[in-house]
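Okay, structure first, notes after.
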Amino acid sequence: MARTSASANDGAFAGRVTAAHPVQVTRNSSAFKYVPGFVYILILYVAGKYIFPDPRATLVQWGEYHLSWVEVLMVGAAMMAMAEQLRVSHPGIDNTIEAILMAAIAGVQVLFFALGAAGVKNLGIFNNTEFLMLTLISMTQAVVAILINARTLRRTIGVGDSS
């Protein structure tokens, strides 16, 4: 039976090998990293309003399932909201700008809905239940994104504090 022994030098080497190295995050340096995902959802909504005369008509029929344009758009908006929350959840990285821009898009959507409900010409496409639901999803994800960003920053700042 072979016997192995660890010398003092082996322990130092093992310590260096298993030491945690900081993870370097490579960030996209283009301006598109600041574009909130709900801008794309808003563009899809406007395009869909002009493409589909009846947003609740069946778009896709898959067996017993009948999906309308609105249902597909709502699922896409919910998925985008979750992806946006992941975008600001990296500990140690200040994503406050991204979170504020998400809230700004939600504010723009509220403004469009209010102006559409007030009867402003050419903004009537925003005065319906579908856009109200998109606005509620956008507002909720913006608030949650701001909270997630604040909590990950607070946790990062608090690590190592002994006071």
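The values are calculated or read from the model by the stated rules, or taken from the named source; none is laboratory data. Computed from a predicted model, the values in this text were never measured in an experiment. Positions of Cβ are backbone-derived with ideal geometry, glycine not excepted, and every protein chain shown enters the neighbour counts. Just the protein is used for accessible areas: all its heavy atoms, side chains included, with ligands, DNA and RNA removed. Shrake-Rupley method; radii C 1.70, N 1.55, O 1.52, S 1.80 Å.
Which condition from (1) among the β-branched types (Val, Ile, Thr); (2) modelled with pLDDT of 95 or more; (3) open to solvent by 50 Å² or more (accessible area, probe 1.4 Å) is the one that Ile105 breaks?
Going through (1) among the β-branched types (Val, Ile, Thr); (2) modelled with pLDDT of 95 or more; (3) open to solvent by 50 Å² or more (accessible area, probe 1.4 Å) one by one, Ile105 breaks only (3).
If you go through the stretch 30-82 one residue at a time, how many are in a helix (DSSP H, G or I) and either surrounded by 11 or more Cβ atoms within 10 Å (Cβ to Cβ) or in contact with a strand residue (DSSP E or B) (Cβ under 8 Å, 6 or more places away or on another chain) (or both)? First the steps, then the outcome.
Keep residues of the stretch 30-82 that are in a helix (DSSP H, G or I), which gives 31-34, 37-51, 69-82.
Among the residues that remain, those that are also either surrounded by 11 or more Cβ atoms within 10 Å (Cβ to Cβ) or in contact with a strand residue (DSSP E or B) (Cβ under 8 Å, 6 or more places away or on another chain) (or both) are: 33-34, 37-42, 44-46, 48-49, 69-82.
Total meeting the criteria: 27.
Return the residues of the stretch 119-138 that are surrounded by 15 or more Cβ atoms within 10 Å (Cβ to Cβ), in a helix (DSSP H, G or I) and free of Cβ contacts under 8 Å to residues at least 40 places away in the same chain; say none if nothing qualifies.
Phe126, Leu132, Thr135, Leu136
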